[in-house]
Amino acid sequence: MPLVKQGRITTDLFVHVADGAELPGDGAVLVTAERFLADPEALLRRAGKTGVIWPNNRNLDDLVPWLDRLASVALVFPTFRDGRAYSQARLLRERHGYDGELRATGQILRDQFVFMTRAGFDAFEVKKDADADAFAETMKRYSVFYQPTGDGRVTALNRRMQLRYSESAGQ
Amino acid sequence: MYAYDELDRTLINERVSEFRDQVKRRLSGELTEDEFKILRLQNGVYLQLHAYMFRVAIPYGTLSTKQLRRLAHVARRYDRGYGHFTTRQNIQFNWIKLAELPDALADLAEVGIHAMQTSGNNMRNVTSDQWAGVAPGEIEDPRIWSELIRQHTTLHPEFSFLPRKFKIAITASEHDRAAIKIHDIGLRLHKNADGETGFEVLVGGGLGRTPFIAKTIKPFVHGRDVLSYIEAILRVYNQYGRRDNIYKARIKILVHELGIEKFAKEVDEEWRQMGDSELRLDHRAIEEVRSRFSYPAYEKLPHMPDELKQAAHDPLFERWRKNSVSAHKVQGYSIVTLSLKPVGGPPGDATAEQMDALADLADKYSFGEIRVGHEQNLALPHVAKRDLPALFKAFDRLGLATPNVNLVTDIIACPGLDYCSLANARSIPIAQELTRRFANHDTAGLIGRLHINISGCINACGHHHVGHIGILGVEKNGEEFYQITIGGRADENAQMGTLIGPAVPYAEVADVIEDIVEAYLALRDRPEELFVDTVKRLGVEPFRERVYATR
């Protein structure tokens, strides 16, 4: 499964480590929320980076205290019709100020890339190679956005008002 | 009318390109049907019994003549020459071919029409009063707010994969023509003590198998905060709405399970944490959207022109005028409702020829504007009274002058088993038979206001729960049966109807409805007492006796 990061297919430096499986001595790992919360300090003392896979039905409160020490948070789309993680992503970015890697995992198709990016995701475990290849192209699908989110894209309403202001300023 | 600018146009064209790519990937097999299903639903494409069905949005029920002509073109070019207006200010085409859909969408996009979010588990087409901007006594034009919300909900990155569909309706009049109490969010525009515009926000209304009337979650949300408050509701719903059972996934169930107080607390807490976000609408933002709406340049006209006085001698004209013409906020003008419920016809259908001809008439007599109401009728919102006689003649030639608006034959019905794969029973033939039974418009006039609503299954697309008489198709041992309720209503006093007795077979439905109407005529205490008021006064029992005594 290809990983897209910073707009490109890239080697995934993180290893998904199943519950109960032995942790590698170093190197970046992604562990489940349960495993992480059982002993966060021990995991964070490791030489490698730590990321947590956070389920989409679990409140973020337990995760928030650790955010500045995590290298990745992976949010889960069990199917692409289950959109809970979009809210989690925006809350992590816009409310809790998380600025590390925010990864989408699960059933990820190209048709979610724009939504996910707007919600704050910057890494994507893409299901199909063809979709991963089409990432950059897909991100160009839209140039107009109606809603303000934390991604900094200027909304249509603000563009209109800027235009009106510059028009009236020029008169 | 709201005029799209370059940004709106760009966005819908980008959506057309995206959908073209999705269809291409489906046709090449790159997308499975399961994957494609969600994507096509996001764009109004259902797979029905016989073909794909294509649902196009008419946001808050406003159409220009150019747009109506383009809908006629789509009916003619890509379908079988007609379209079906729905109870949510959409139009459906029933025979569309998948491979041609992107072209149909591109044709519509040229005139600023789209099918975004007309189905699927997202925020659906925002609906409003079909008399918005012209109704006497309206507080202000709710379409400004409808358009702000339309933009905000379109391709929302957080709320495009909700637990279930989500519908918002707005009214700004005392009399609610937008049925806000049966919506996921209902907004009633009003002003606070300082004269500032805001909304009573209702939440958790809906029909289907577990019907609820919406409850007030906040009596007044300031207009500048309406987007953030809606977003707070959606965020709570997106995270906590049930996803384990499709029948329990609507927000009404979450509101019911938590209770409105607890739900309101969750929303308030979320809203508080959102703080003074970018969603706050300052004066300039509201004015920006307001400035894109244009209004007709009305003339100063007499209240009672000569043309109208002369035409009063024509009993057919007078009957139509009394039934279909309503007061306008500007003197000398009227709102004219066009019944899409001809005797023997399927409710809500219009042919391409009718749409084209109506567009011509709207150009001539209604400043180029047409409205679509949730009762599946159309309206011309700005007709000079002096033009009413000429307009009546033209409508009559088109078969659009049936004088039955709000009467027993003005039936709301879903497509039912004739088209829909979810249906248990037929709706359209029941409606057709009832219009024949009550074909005498004078008799229907004597019966007075009476709304019959028919749904072919429990999903309630025909809003049977809130019909004065509701008819629900069910399946019993492979046969079509119908449950009948009375006393429902969808307006500001919305309530669910009460079941009158055991379900009756297909062949007996029209007889039963006739019995109910006869019972009402015998029971009402004066001719002005409406059916729904007689039911309220006497309860279901006398009607039940009448209907089941001989069965």
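No value in this document is a laboratory result; all are computed from the given coordinates. Predicted model only: the values in this text are computed from it and were never measured. Cβ coordinates were reconstructed from backbone atoms using ideal geometry, including for glycine residues, and neighbour counts include every protein chain displayed.
Here are some notes:
- A DSSP coil position with no more than 16 other Cβ atoms inside 10 Å describes the following trypsin sites (Lys or Arg not before Pro) in the stretch B:254-321: B:280, B:292, B:300.
- The distance between label points at residue B:299 and residue B:390 comes to 0.9 nm (points 7 Å beyond Cα on the Cα→Cβ vector).
- Gyration tensor over the Cα atoms of the stretch B:306-398: the corresponding equivalent ellipsoid has semi-axes (square roots of 5 times the eigenvalues, largest first) of 21, 15, 13 Å.
- All C-alpha to C-alpha distances of the stretch B:412-548, sorted into 10 Å bins beginning at zero, yield P(r) values of 13, 46, 34, 7, 0 percent in whole numbers.
- Mean Cα-pair separation over length for chain B, i.e. relative contact order, pairs under 8 Å, 6 or more apart, %: 12 percent
- Each other residue within a Cβ distance under 9 Å of residue B:238 adds +1 if Lys or Arg and -1 if Asp or Glu, for a net charge of +1.
- FRET efficiency, residue B:498 to residue B:175 (Cβ-Cβ, R0 22 Å, nearest 0.05): 0.40
- The stretch between residue A:64 and residue A:159 holds 30.8 nm of extra length on full extension. This uses 0.36 nm per residue minus the Cα-Cα distance.
- Stretch gain in nm, segment residue B:24-residue B:245, where the contour uses 0.36 nm per residue and the Cα spacing is subtracted: 76.4 nm
- Using the Cβ-Cβ distance between residue B:525 and residue B:5 with R0 = 51 Å, the FRET efficiency computed as 1/(1 + (r/R0)^6) comes to roughly 0.35.
- Scalar couplings 3J(HN,Hα) for the stretch B:487-502, obtained by applying the Karplus form with A = 6.51, B = -1.76, C = 1.60 to θ = phi - 60°, are x, x, 7, 10, 8, 5, 9, 3, 7, 7, x, 10, 5, 8, x, x Hz; x denotes Gly and Pro.
- Working note: 222 nm ellipticity from helices only, DSSP H runs with n ≥ 4, each -39,500 (n - 2.57), summed and divided by the residues of chain B, gives -11000 deg cm²/dmol to the nearest 500.
- Cα-based shape type of chain B, given that a ≥ b ≥ c are square roots of the gyration tensor eigenvalues and the cut on a/c is 1.5: rounded
- Projected label distance in nm at residue B:549 and residue B:77, using a 7 Å step from Cα toward the beta-carbon: 6.0 nm
- Positive-pole candidate from A:43, A:157, A:104, dipole of chain A, charges at beta carbon: A:157
- Here the relative contact order of chain A, from alpha carbon pairs under 8 Å that lie six or more residues apart, stands at 20 percent.
- Footprinting exposure proxy for B:252, B:364 (fewest neighbouring C-beta atoms within 10 Å first): B:364, B:252
- Counted by neighbouring Cβ atoms within 10 Å, the residues B:336, B:221 run from fewest to most as B:221, B:336.
- Computed over the Cα atoms of the stretch B:359-467, pair by distinct pair, the Kirkwood hydrodynamic radius stands at 15.5 angstrom.
- The residues neighbouring residue A:115, those whose beta-carbon lies less than 12 Å from its own, together hold a net charge of 0 under the Lys/Arg +1, Asp/Glu -1 convention.
- Normalised alpha carbon radius of gyration of the protein assembly as shown [divisor 2.2 N^0.38 Å]: 1.01
- When B:229, B:240 are arranged by Cβ crowding within 10 Å, least crowded first, meaning fewest neighbours, the order is B:240, B:229.
- Helix A:156-170 and the long axis of chain A differ in direction by around 40°, with both axes built from C-alpha atoms.
- FRET efficiency estimate (nearest 0.05) - Cβ-Cβ, residue B:106 to residue A:140, R0 25 angstrom: 0.85
- Computed from phi, the 3J(HN,Hα) profile of the stretch B:20-32 under the Karplus parametrisation 6.51, -1.76, 1.60 (θ = phi - 60°) reads 4, 5, 5, 5, 4, 5, 5, 5, 7, x, 5, 9, 6 Hz, with x in place of Gly and Pro.
- Remark: the residue B:439-residue B:363 segment gains 24.2 nm on full extension, using 0.36 nm per residue and subtracting the alpha carbon distance.
- With a simple spin-label model that places each label point 7 Å from the Cα along the Cα-to-Cβ direction, the separation between residue B:222 and residue A:10 comes to 4.3 nm.
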